[in-house]
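Scroll down for the structure; my scribbles are underneath it.
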Amino acid sequence: MIYARLKRVLIGNPLATAQARHERLAKIPALAIFASDNLSSVAYATEEILLVLVLAGTSALSLSPPIGMAIGLLTAIVASSYWQTIHAYPSGGGAYIVAKDNLGTLPGLVAGGALLVDYVLTVSVSTASGVAAITSAFPALYPQRVAICVSTVLLIMVANLRGIRETGRLFAVPTYWFILCLLILLGGGFYRLLTRGAPPPPADPLPVQEPLTVLLILRAFASGCAALTGIEAVANGVQYFKPPESRNAGITLAWMALILGGSFLGVTFLAYFYGVVPREGETVISMLGRQIYGRGGIYYMIQAATAVILLLAANTSFSGFPMLASLMAKDGFVPRQFANRGDRLVYSNGIIILAGLSSMLLVIFGGSTHALIPLYAVGVFTAFTLSQSGMVLHWGRERGRRWRAHAAINAVGAAATAIVVVVIGASKFVHGAWIVILVIPLLVLGFLTIRRHYETLGRQLSLDGFSPPKLGRHPVVVLVAGIHRGVVTALTYAKAISPNVTAITVDLDPTATSRLRMQWKEWAPDIPLVVLDSPYRSILLPILQYIDQMEKQREGAYMTIILPEFVPAKWWQHLLHNQTALLIKGALLFRRGKVAISIPYHLEQ
C-alpha cells in the first residue's frame, strides 16, 4: 500500500490505453523535449574544440572559427538527411529501422546498439555539463558534483515516468528560457564588439604542449562534433507527434537545426573575438557572460538557464532510448519487457534502465564532462552513417519523384558522417573511444543471443507434433516444520488433489521433532510423516535429496511440493521470520517435473 501511494504521488494516476492519442505532442512542446539535448551542446561543444586547440598554444585558438563553420555545414547536411528520413519512414525508428530494412539485420543492430550507447552517454555528459555550469558559479559545490549529477538523473527519470505530454509541459519553459538567454548573450556580445571593439588578447600566452598538427586539428573537429548529438531524436520519435506526424516532425527538426547552428557558431566566434582561453573550473559560457555583463544579474540568469538546459538535456534520451528499445524488443533483440508501456503510457522499463546505466557512468567517471566526452559521438555518428547509407539504397529501390536528388543528399550525408566516424575513432581512440568501439560489437552479440533464445523458446513451446504428458497419480509432498492451522489447511488441500500424499520435516531440534510426532497422530494420522536427518543443520539439502529419491518411484511426469506459509498482516512483520519457503521455491524452479505450490494462511492484525 505504501509503495502504491508513493507511486501515485510521484508518477500520477494510470492512463487508459484509449488516451494514448491524446498524449501526442504539438511542435512547441516537442521542440522542448527533442531539442534540449541538441541545443544544450552549445554550452560545451565550443569548449571542447578550444580544450584541444589550446594544447598547441594560445595562437592555435584562431582555428576555432573555421572548425566551427565546418561543423555548422555538417549540421545542415545531417539535418537535411534526417528530414528526408522522417518523410520516408513516418512510423519512426530512425537509424535502426532504416539500416535494418535497407542494409540488413547486422547493420541495423550496429546502428541500434550505437544509438543506445549514445543515449546513455548523452544523459551522463549533459548532466555532468549542467553540474559544471552550477559549480562554475558556486565553486563550493564542486566536491558534491557526483551526488548532484545522480540526483538530477533520478529527478528527470521520475518526470519522464509521468508521461510524454506532461514532460513536454515541464520542459518547455526551461528550453525557451535558455534560447532567450542565448539571444541575450550573443546579442550583447556582438553589440559590444561593434561598439567597443574586441578586448585585448591574454597577457600570458599559454605554453605549447603539443605541436599544431593535422591530427590535433582533426581531434578538435571531432570534439566539436558533439554539437550534433541529439539531432536524430526527432526521426526516432515521429510517432510522438500529433497528426500529420511527418510534417510536424520535419518542421520541428528544421527549427532545431537553425537554432543549433546559429547559436553554436555565435558562441564559437564570440569565444574567438573575446580571447577566451578554456580553464578548469569555469565554462566558456560563464567566461563570455562574465566578460560581457560582469558578475551581475544577467550573468547569473545565463548561468542558471545554461545549467538547467544541460541538466534537462538528458530528457531527449529519456524519450529516444525507451522508444528504440521498444522497437528492438518487438523484433526480439532486447528483452520483451522493454516493449511494455507503463501506467502513464510510456516505456517505463527503458526509462528506469537508462537512468541506472547513466548514474553508474557518472559515478565511475567522477561526474567529469571531459572524461566522458571522448566516449561521446562515436556511436551517434556510426548510426548517422548507417542511416544515410540505408536511405541511399531506399531511394534507389523506390525510384519515386526526384529520387536522384534525395539519394544525393543522403549520399553526401553518409560520406560526411563516415569521415567524422573515422576521425573520431582515430583521434580519440587512446582517450577513451576504444571503450565504445569495443562495447558496440559486444552489444550486437548480445542482441543476436537474445534473438536466438526467443527463437529457440518459440520452437520448444510450439504445439506442432506435441502430445499432452501423462500426469497419472502423481505424488504430493508437504513440507512442514511444525503443526499449526496453516499446516493442517495445506494437508487438507494436498489430499484434495492426490491420494498419494507424504509429509516431510527436517530434524534440527529433537525435542521439537518429538512433539511434532505426538501432535501428528492427532491431526494427520492418515498421512505418513517422514523425518529427515540433517547433521550439518541444513534444511534445503536433505529436502532436495529426498525429493530426488522419490522421483524414481513417482507415476506420471510431475511431482507436487506444497509449502504451507503464514502471511503476516503487516509488511514489516515479514522481516521477523525466516524466508525458507522462498529458498526452496527458488531451488525447485530449475528442476524438471517439480511443481511448487504455496498455501498461504493469512494472519489478522
Q) Is there a residue in region 308-315 that is at pLDDT 85 or above and within 23 Å of residue 383 (Cβ to Cβ)? A) no
Q) When residue 400 is evaluated against the numbered criteria (1) open to solvent by 20 Å² or more (accessible area, probe 1.4 Å); (2) assigned to a helix (DSSP H, G or I), which criterion, by number, is the only one it fails? A) (2)
Q) Across region 516-545, what is the total count of residues that are part of a helix (DSSP H, G or I), open to solvent by 70 Å² or more (accessible area, probe 1.4 Å) and either β-branched (Val, Ile, Thr) or without any contact (Cβ under 8 Å) to a residue 24 or more places away in the chain (or both)? A) 6
Q. Just wondering, is there one or more residues in region 378-388 that are touching a Gly at 6+ places or on another chain (Cβ under 9 Å), on the phi > 0 side of the Ramachandran plot, of a type outside the set (D, E, K, R) and open to solvent by less than 30 Å² (accessible area, probe 1.4 Å)?
A. no
Q: Mind listing just one residue for me: the one in region 587-605 that is surrounded by 10 or more Cβ atoms within 10 Å (Cβ to Cβ) and modelled with pLDDT under 85 and, of those, farthest from residue 546 (Cα to Cα)?
A: 603
Q: With the checklist (1) more than 30 Å from residue 427 (Cα to Cα); (2) open to solvent by 80 Å² or more (accessible area, probe 1.4 Å) in hand, flag the one item residue 482 doesn't pass.
A: (2)
Q.
Yes or no: region 318-333 includes at least one residue that is under 28 Å from residue 106 (Cβ atoms), touching a residue at least 60 places away in the same chain (Cβ under 8 Å) and surrounded by fewer than 21 Cβ atoms within 10 Å (Cβ to Cβ).
A. yes
Q) Yes or no: residue 91 assigned to a loop (DSSP other than H, G, I, E, B) and surrounded by fewer than 24 Cβ atoms within 10 Å (Cβ to Cβ)? A) yes
Q) Any idea which of (1) modelled with pLDDT of 90 or more; (2) more than 27 Å from the chain's Cα centre (by Cα); (3) closer than 22 Å to residue 35 by Cβ is the one residue 244 doesn't satisfy? A) (1)
(Q) Being open to solvent by 20 Å² or more (accessible area, probe 1.4 Å) and either touching a strand residue (DSSP E or B) at 6+ places or on another chain (Cβ under 6 Å) or aliphatic (A, V, I, L, M) (or both) is the filter here; which residues of region 118-162 pass it? (A) 132, 134, 140, 141, 146, 147, 148, 150, 154, 155, 157, 158
Q: Hey, can you tell me all the residues within region 204-216 that are in contact (Cβ under 8 Å) with a residue 12 or more places away in the chain, open to solvent by 60 Å² or more (accessible area, probe 1.4 Å) and either part of a helix (DSSP H, G or I) or of a type in the set (Gly, Ala, Ser) (or both)?
A: 215
Q | Counted residues, region 570-605 - those being assigned to a helix (DSSP H, G or I) and in contact (Cβ under 8 Å) with a residue 12 or more places away in the chain | A | 8
Q.
residue 585 - would you say it is touching a helix residue (DSSP H, G or I) at 6+ places or on another chain (Cβ under 8 Å), closer than 24 Å to residue 496 by Cβ and basic (Lys, Arg)?
A. no
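The values are calculated or read from the model by the stated rules, or taken from the named source; none is laboratory data. Note that the structure is predicted; figures quoted are calculated from it, not measured. Positions of Cβ are backbone-derived with ideal geometry, glycine not excepted, and every protein chain shown enters the neighbour counts. Ligands, DNA and RNA are excluded from the accessible area calculation, which covers all protein heavy atoms including side chains. Shrake-Rupley method; radii C 1.70, N 1.55, O 1.52, S 1.80 Å.
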